[in-house]
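Laboratory data are not the source of any read-out in this text; all were calculated from the coordinates shown. Keep in mind that what you see is a predicted model, and the values were worked out from it rather than measured. Don't worry about glycine lacking a Cβ; one is built from the backbone with ideal geometry, like all the others, and counts go over all protein chains shown.
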Amino acid sequence: MYNFTVQSPTEVIYGQNALTELVTRLKQNRITKVLIVFGGHSAIKFGHLAKVTDLLEKNGIATVQAGDNRQASWTEIKRGIQLANDHAVQAVLGLGGSICMDNAKAIAFGAVHADIWDYLRGEKSMVNATYLPIVEIPTYPSGGSEADLAAEIYDLETGEHRTLLGTFPKYAILDPSFSASLTIEQAVRGAMVTFIQESLNYLGNGSEIANGFAKVILTSLLKNARAVQNGNATTETRSNLMWAATLTPQAIMNAGIDNDWTS
């Protein structure tokens, strides 16, 4: 087994009452204004955005909306940073798939650091770098951005692509009902994204524990993806797919392996 260090400061809150628990956490941290980062049509059509904003505002937490996050592009992130600063929000909430959640992380960091690209290019250290508290609510489970440390950023004008490392969400809200609006194709595609990522942990060398974790997750993904594909999805099916996506990128899941499975 190879040497490793594991840190995961994200509090994961799972269940049908997870949003209520979030309100409690925000109040405990005296957060009274939140920027909600979402994609667009589906968040509105299926009531996800309304469900979140209504609950927060009924509990005295104001919301500011940053919609149309359809790409992990610097243009959209920059717009979100401007909104966060103009409205003096105290936290950023990503609602949607990996793109929305990655953008929420970048916005939370950029709202504190105008020189975000110095960090992205490695010119400044992320060690002890501060950022606004981040909340992630996945509606399209796949890459596990809701509880990992990374955010992908593309500057489409220059072609530059960087990864912001070190932006752990404070809270990940896992409510399987938020993924019930996915089509069969979307749900299965998300499960296969998770499957491919988790395969690296199974094929990696050095730790039978990590390989064992991976085998359980991969088996569960196949079983539950088939249930979705056959039209037999239940709340338990969606729960397993959502939890698998959250677990897959966690450092503890691949601790002790080298991931160099091609050599």
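Distance from the alpha carbon centroid of the range 143-204 to that of the range 56-107 works out to 17 angstrom.
Packing here is the average count of other Cβ atoms within 10 Å per residue, and on that basis the peptides 244-257, 78-91, highest first, run 244-257, 78-91.
With a ≥ b ≥ c the root eigenvalues of the C-alpha gyration tensor of the range 184-253, is it rounded (a/c under 1.5), prolate (a/b larger than b/c) or oblate? Prolate shape, in that a/c is at least 1.5 and a/b is the bigger ratio. Sorting 131-138, 63-70 by average packing, meaning the other beta carbons within 10 Å per residue, from highest down gives 131-138, 63-70. Using all pairs of distinct alpha-carbon atoms, the Kirkwood hydrodynamic radius of the chain works out to 18.8 angstrom. For the pair Met192 and Asp258, a Förster radius of 35 Å applied to the C-beta separation gives a FRET efficiency near 0.90, rounded to the nearest 0.05. Checking the cross-link pairs Lys51/Lys223; Lys124/Lys170; Lys105/Lys223; Lys78/Lys170; Lys27/Lys170 against a 25 Å limit on the alpha carbon distance flags Lys51/Lys223; Lys105/Lys223 as lying beyond it.
Placing a pseudo-label 7 Å from each Cα along the Cα-to-Cβ vector at Glu157 and His41 gives an inter-label distance of 2.8 nm. Counted by neighbouring Cβ atoms within 10 Å, the residues Ser239, Ser142 run from fewest to most as Ser239, Ser142.
Once you've got the GNM for the chain with C-alpha springs shorter than 10 Å, pick whichever of Leu221, Leu120, Leu95 has the biggest mean-square fluctuation. Of Leu221, Leu120, Leu95, the Gaussian network model singles out Leu120 as fluctuating most. Largest GNM mean-square fluctuation across Asn240, Asn230, Asn205, computed for the chain with C-alpha springs under 10 Å, falls on Asn230.
For Leu165 and Arg226, a Förster radius of 51 Å and the Cβ-Cβ distance give a FRET efficiency of 0.90, rounded to the nearest 0.05.
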